[in-house]
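**Q** Pasting a structure below so you can have a look.
The values are calculated or read from the model by the stated rules, or taken from the named source; none is laboratory data. Model, not experiment: these values are computed from the prediction. So basically every Cβ, Gly included, is an ideal-geometry build from the backbone, and we count neighbours across all protein chains shown. Ligands, DNA and RNA are stripped out before the accessible areas are found, and what is left, the full protein with its side chains, is counted by its heavy atoms. Shrake-Rupley method; radii C 1.70, N 1.55, O 1.52, S 1.80 Å.
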Amino acid sequence: MHLSSCFLFEGLADSDLTLLESIACPQPVRSGQWLFHKDEPAENLYILESGAIELLIEVQGAFKLPVFTVESAAVEPVPKGQEPVEIPTTMIKSGDGCVGVGALIEPYRYSLSARCARDGTVFVIPRAEIQSLIHRNPELGCRIMTNLARKLLERLSETRREVQIHFMSLFRSATF
């Protein structure tokens, strides 16, 4: 297992990685299998070893929306008024990291849904186990949370850039 490839565990000492590996359980995942849904209690952190996981957001409203998967790009219309619809936004591939970081942050709920897009293996780290490890080793917890904060700030910056692009596109289409 290569936990050090996950952004959360960058810069950890080998002894800390060994402790984390001792609480991580390998689990095979199949294409189409749901790992979790938005707003469910975040009981586990998932480290992707192989395969691919797509993250989905929930969209609500009475409108016609094409639904597709990031992996296949297959499109099928969703009937008007069907709520909610989950659409893929991000593909996590092996070596890209983890999903389910809600297991590290109160109120311990998943903020997105995650579905396996390609058969593979994830390492499951139960929230109770990683919290216990962090309480016994605060430096480990500080490093993990620093890495998480850095990643979340990167994602926030990306989202802001996307909002700017979409806003300018809407503005241009409204002025022509």
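**Q** Could you give every pair whose Cβ atoms fall below 6 Å, whose first residue belongs to segment 113-140 and is farther than 15 Å from ALA103 by Cα, and whose second residue is of a type in the set (Gly, Ala, Ser) and in a strand (DSSP E or B), counting only separations of at least 6 or pairs across chains?
**A** Cβ pairs passing all conditions: ALA117/ALA52; ARG118/GLY51; ARG118/ALA52; ASP119/GLY51; GLY120/SER50; GLY120/GLY51; THR121/SER50.
**Q** Among the listed residues GLU154, GLU158, which satisfies the condition of being assigned to a helix (DSSP H, G or I) and closer than 16 Å to ILE57 by Cβ?
**A** GLU158
**Q** Which condition does SER5 not pass, out of (1) modelled with pLDDT under 85; (2) farther than 21 Å from GLY102 by Cα; (3) small (Gly, Ala, Ser), if it passes all the others?
**A** Checking SER5 against (1) modelled with pLDDT under 85; (2) farther than 21 Å from GLY102 by Cα; (3) small (Gly, Ala, Ser), the one that fails is (2).
Okay, residues lined up against (1) open to solvent by 30 Å² or more (accessible area, probe 1.4 Å); (2) out of contact with any Gly (no Cβ under 9 Å at 6 or more places or on another chain); (3) within 28 Å of ALA13 (Cα to Cα):
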residue	(1), (2), (3)
CYS98	no, yes, yes
GLY102	no, yes, yes
CYS116	no, no, no
ILE134	yes, no, yes
GLY141	no, yes, yes
ALA149	yes, yes, yes
THR159	yes, yes, no
VAL163	yes, yes, no
MET168	yes, yes, no
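**Q** Still on this structure, I have one more. Please go through segment 119-176 and pick out each residue that is among the hydrophobic types (A, V, I, L, M, F, W, C) and over 26 Å from LEU45 (Cα atoms).
**A** Within segment 119-176, VAL163, ILE165, PHE167, MET168, LEU170, PHE171, ALA174, PHE176 meet the criteria.
**Q** Here's another thing I want to ask about it. Within segment 19-30, can you find the residues that are in a strand (DSSP E or B) and open to solvent by 20 Å² or more (accessible area, probe 1.4 Å)?
**A** Once the filter is applied, which keeps residues that are in a strand (DSSP E or B) and open to solvent by 20 Å² or more (accessible area, probe 1.4 Å), segment 19-30 yields CYS25, PRO26, GLN27, PRO28.
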